[in-house]
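To keep things clear, I will list the structure first and then write my remarks on it.
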Amino acid sequence: MFNKLTLALSIASLCVTTNTIAQTNDAQSYSIDTAVKIVNGRALKNRIQAQINSEINKAFDEQNFAQTLNTKIEKEFFVMGRPGKNIADSNLNKKEVSQEISVNKGTDIFIENTSRSVEIKVWDQPKVKVVTTVYFEGDGGKVSDDEWLEKLNISIKSSPNSVRIKSGIVSGGGSYSTFNVDGNVVSAYGWSSGNMAVFNGKGQNIGNKAGRRILTIYVPKENKLDIESKYADVTVTGNTNKLNVDITNGNLEVGDVKNFILRSKYGNVTTGNLGSAEIDFINGRLTTKNIDDLDIDTKYSTVEADVVNKANIRSVNDEYEIEEAGVLQGRKNYGNLRINKLTGSIELYGTNADIRLRKVDPSVSLIKVDNKYADIRIPFNAIKNYAITFNGSYSSVYSNFDKKPIVIKEEAKKEDKAKDDMGDRIRKNFKISGIDIGDNNNIETHFTATGGDGKSTKVDIKCQNCTVDFK
């Protein structure tokens, strides 16, 4: 910027000298050619001077901009995102701060949290209490607990029917640096999401220390608890009656819950025994113990459960592992469903969903599956009384029982002809290559089978292009 100004002034001085020489020579007589050259030279000089004036004005504009910028930096010298000042534990004091509010049994408790680990403990006292630890330099005795909580961006407020607790990043959080007028850093402070804020004795944020920020909340067992949390882990210790949780980018651990509603994205969840559960789960691992009544919608997740008495599932590309299932119904597309023991019934619809039942109890009343392009295993070793209906074009079936082919009526054949034409063309193409994939209407893909009196377990399976193992 200043080099341009110096250059412009030098050129201007040269032009002034040229102009002086030209004026001196005006008194002399010249030939016509010489006069023309002088006139053209003066025109060129004028154009150069105009350009120089423009460059000088621009240089002065840049200088004024620089001065304005420096002034603005002096006034606004907190700049986010610079490395923070780390403070050693040996130089710090700490204090446990708390606040509590009395509640009745009908009071709902709402917790809203961001970027701070929360530990919720269930107790038998009719009040809500928040507890955390503050770190500071010097003597912080003049700052009250309520003031410390405010500086930590933690609040607890009550109304006649509810208590609301909010926990977030420290006000002005992140990190900042202080600059002088020359643009040099004179001091730097910060508080990233992985650290704990540090204050001076007056309660001013001066930096951070390594460690995990933890907020402990005590709540009564009988009250409904509603939690919304982002970018942090949440733990609920003890048993609760009503618990609603909406958690994103964080892990959750809870004990036994009678009525549980969960919405989770990008995290792992572990629970105790659940009474009634409504779960919406995306991209994570869900591990539970026993569930009485489950309504679950999952995508791209892993679900593990001990005993599920009743379940309605909607699943896309998930892995389900259930130790024991009673009554299960729903839709599953892609992924796997593995049940170690089925005791009630299963009705499942979907595509590309592999199903493996390791043990089918004689008490099972119904197994109904409508699937495509899947591997299905339903062992019938322990079942003596059963009635099976199977319809699966281009499928392979393995069993130890006798099959009776299904007689297809002419009307049904006409309705299915359009679908079968494509299959016929595929089979012909495979035969040309020396591969026989079987007839659409052979005994292996359209049959019934009966064991005993046929009144105990009913099996209805429709599975196109599947491998089914009854052994």
Strands (runs of 3 or more DSSP E) fully within the stretch 337-400 counting 3 or more residues that are closer than 12 Å to I461 by Cβ and modelled with pLDDT of 95 or more: 366-372, 386-391
Candidate set: the stretch 451-467, residues that are touching a Lys or Arg at 6+ places or on another chain (Cβ under 8 Å) and on the phi > 0 side of the Ramachandran plot; chosen: the one surrounded by the fewest Cβ atoms within 10 Å (Cβ to Cβ): G452
Failed item, numbered, when L215 is tested on (1) in contact with an Asp or Glu (Cβ under 8 Å, 6 or more places away or on another chain); (2) surrounded by fewer than 17 Cβ atoms within 10 Å (Cβ to Cβ): (2)
When residues of the stretch 125-145 are limited to those that are more than 12 Å from N223 (Cβ to Cβ) and modelled with pLDDT of 95 or more, the one surrounded by the fewest Cβ atoms within 10 Å (Cβ to Cβ): K129
So V307, is it surrounded by fewer than 22 Cβ atoms within 10 Å (Cβ to Cβ) and within 14 Å of L357 (Cα to Cα): no
Condition check for A325: part of a loop (DSSP other than H, G, I, E, B) and either crowded, with 22+ Cβ neighbours inside 10 Å or assigned by TED's automatic domain parsing to the domain that holds I461 (or both): no
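One line per residue, one yes/no per condition, for (1) under 19 Å from V308 (Cβ atoms); (2) acidic (D, E); (3) at pLDDT below 95:
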site: D246; (1), (2), (3): no, yes, no
site: G275; (1), (2), (3): yes, no, no
site: D280; (1), (2), (3): yes, yes, no
site: G284; (1), (2), (3): yes, no, no
site: T288; (1), (2), (3): yes, no, no
site: D293; (1), (2), (3): yes, yes, no
Identity of the residue in the stretch 269-289, assigned to a strand (DSSP E or B) and closer than 20 Å to R331 by Cβ, that ends up farthest from the chain's Cα centre (by Cα): A277
Single condition V364 does not satisfy, out of (1) more than 23 Å from A277 (Cβ to Cβ); (2) within 33 Å of the chain's Cα centre (by Cα): (2)
Residue satisfying condition, being assigned by TED's automatic domain parsing to the domain that holds K455, surrounded by fewer than 17 Cβ atoms within 10 Å (Cβ to Cβ) and more than 25 Å from V257 (Cα to Cα), within set Y386, Y398: Y398
Residue within the stretch 268-279 that is in the same structural domain as N317 (by TED's automatic domain parsing), in contact (Cβ under 8 Å) with a residue 40 or more places away in the chain and buried (at least 17 other Cβ atoms within 10 Å of the Cβ) present: no
Which numbered condition I154 misses (of (1) surrounded by 11 or more Cβ atoms within 10 Å (Cβ to Cβ); (2) of a type outside the set (S, T, N, Q); (3) modelled with pLDDT under 95): (3)
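Okay, residues lined up against (1) surrounded by fewer than 22 Cβ atoms within 10 Å (Cβ to Cβ); (2) within 30 Å of W123 (Cα to Cα); (3) without any contact (Cβ under 8 Å) to a residue 12 or more places away in the chain; (4) hydroxyl-bearing (S, T, Y):
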position: G255; (1), (2), (3), (4): yes, yes, no, no
position: L262; (1), (2), (3), (4): no, yes, no, no
position: N312; (1), (2), (3), (4): yes, no, no, no
position: G330; (1), (2), (3), (4): yes, no, no, no
position: Y334; (1), (2), (3), (4): yes, no, no, yes
Checklist (1) part of a strand (DSSP E or B); (2) touching an Asp or Glu at 6+ places or on another chain (Cβ under 9 Å) applied to D292, failing item: (2)
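Listed here are the residues, each with its yes/no results for (1) under 29 Å from the mean Cα position of the chain (by Cα); (2) crowded, with 16+ Cβ neighbours inside 10 Å; (3) modelled with pLDDT of 85 or more.
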position: V163; (1), (2), (3): yes, yes, yes
position: G168; (1), (2), (3): yes, yes, yes
position: G173; (1), (2), (3): yes, yes, no
position: V186; (1), (2), (3): no, no, no
position: E222; (1), (2), (3): no, yes, yes
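The values are calculated or read from the model by the stated rules, or taken from the named source; none is laboratory data. Predicted model, so just to flag it, every value in this text is computed and none were measured. For neighbour counting, all protein chains shown are included, and Cβ atoms are generated from backbone atoms with ideal geometry for every residue, glycine included.
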